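Taking it in order: structure first as C-alpha cells, then the write-up.
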Amino acid sequence: MVVVKPTDMVPSAGIKFFGAGTAACIADLITFPLDTAKVRLQIQGEAHNVDGSSAVKYRGVFGTINTMVRTEGARSLYNGLVAGLQRQMSFASVRIGLYDSMKQFYTRGSESAGIVTRLMAGCTTGAMAVAFAQPTDVVKVRFQAQVRLADGERRYNSTLDAYKTIARDEGVKGLWRGCMPNITRNAIVNCAELVTYDMIKELILKYDLMTDNLPCHFTAAFGAGFCTTVVASPVDVVKTRFMNSGTGQYTSAVNCTLTMLRNEGPAAFYKGFMPSFLRLGSWNIVMFVTYEQIKRGMTRAQQYWESPF
C-alpha cells in the first residue's frame, strides 16, 4: 500500500476497489460477534434510562456474548450480518479502495505524500463512503441492538423488512439517521486506520525491520487497530446510540452527546472499549492482511493475463 518496488506491477484502482470490499467482508464474517457485543454494551446505559431499570445485563465482551447465546441463541451474534456485508462491500470499497487514488489526486499524481495529504485523503474517502452506505449501517446497528422478546417477536423480521419499515415509519431520512456523526466518525476512523497503517508500514520497510510480507502487514494492522479504537470510541458510541434511537428520543447528535454526558458521565463515551479494540484490532489484521494478498494475487493474475509468456 505504501512502497512498491520498481519491478512490481502497481495494482489498478479497480483491483484496490474490489479487493478492499472483499477483504472487509471476510473480516466482518470473522469479527461480527465482537461488533454485536460492542453495540449491546454501547446502548446498555441508554436502555436503563428508558425503562428505569438499574440492572446491568451485559458485563464485558465475553460476558455479553455468553449472555446473548444463553438468552437469544448463537444466531443473535450475527444479527444484521446481511446488512453488514452490504455495508462493507459498498463502504470499504470506497473508503479503503480509493484511498491511494485520493492521495494521488491531492498530490497531483506524485507518489510522495505527507501527513496532511494522507489525512485529507482519509477524511475524503471516509465521508464519501458514508454517503453511499449510511442506510446499510443504520439497518446493521438496529439489527444488532434488537433483543428477541419472550414471545419471539422482533423489531424487524428481515433485512429488507428493516429497510421498508424504517422508510415507512421514519421517512427516507430515517435511513440516513446519524449521518453527520457517522461522517465524523468515519473521517476520524479512516484517518486513524489508513494513515496509521500507511505510516507504520512505510517506517517498517524504510528501516528494513521487515520485508513487505505477512508479518509486516500484521504489525502495521495491529497498531492501526489500537490507535483507531482510542481515537474513535467516543464518536462511535454517540453514532450507535443515535442510530438506534427512536423518533424524538434525541433531537440531534449533539443532544445525544450532552444527554450521555449528563446522565452517564464521561466514561459512557468509552463503553464497549474492549470489544471495540478486540473487534477493530482483529478486523484490521484480517482486513489488511487479506487486502494485501488479494491485491498481490489479482495484480499477478492481471500481469500474467497481459503477458502470459
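The values are calculated or read from the model by the stated rules, or taken from the named source; none is laboratory data. Predicted model only: the values in this text are computed from it and were never measured. Glycine gets a Cβ as well: all are built from the backbone with ideal geometry, and neighbour counts include every protein chain shown. Note: areas computed on protein heavy atoms with side chains; ligands, DNA, RNA excluded. Shrake-Rupley method; radii C 1.70, N 1.55, O 1.52, S 1.80 Å.
Brief remarks follow.
- Meets criteria (acidic (Asp, Glu) and open to solvent by 20 Å² or more (accessible area, probe 1.4 Å)) for residue 236: no
- Matching residues, segment 147-160, being under 15 Å from residue 82 (Cα atoms), of a type outside the set (Gly, Ala, Ser) and either at pLDDT 90 or above or not in a helix (DSSP H, G or I) (or both): 156, 157
- Restricting segment 241-274 to residues that are closer than 13 Å to residue 39 by Cα and not in a helix (DSSP H, G or I), the residue that is most open to solvent (accessible area, probe 1.4 Å): 271
- Any chance residue 277 is assigned to a helix (DSSP H, G or I), of a type in the set (Phe, Trp, Tyr) and open to solvent by less than 30 Å² (accessible area, probe 1.4 Å): no
- In segment 108-129, the qualifying residues are those that are modelled with pLDDT of 90 or more and polar (S, T, N, Q), and the one that is surrounded by the most Cβ atoms within 10 Å (Cβ to Cβ) is 125.
- In segment 168-201, of all residues being of a type in the set (Ser, Thr, Tyr) and open to solvent by 20 Å² or more (accessible area, probe 1.4 Å), the one that is farthest from the chain's Cα centre (by Cα) corresponds to 196.
- Counted residues, segment 161-185 - those being in contact (Cβ under 8 Å) with a residue 24 or more places away in the chain and either in a helix (DSSP H, G or I) or among the β-branched types (Val, Ile, Thr) (or both): 15
- Check on residue 231, of a type in the set (A, V, I, L, M), open to solvent by 60 Å² or more (accessible area, probe 1.4 Å), over 21 Å from the mean Cα position of the chain (by Cα) and over 20 Å from residue 58 (Cα atoms): no
- Some residue of segment 187-194 being part of a helix (DSSP H, G or I) and farther than 27 Å from residue 25 by Cβ: no
- Taken over segment 57-70, the criterion of being modelled with pLDDT under 90 and either farther than 16 Å from residue 32 by Cα or open to solvent by 20 Å² or more (accessible area, probe 1.4 Å) (or both) is satisfied by 57, 58, 59, 60, 62.
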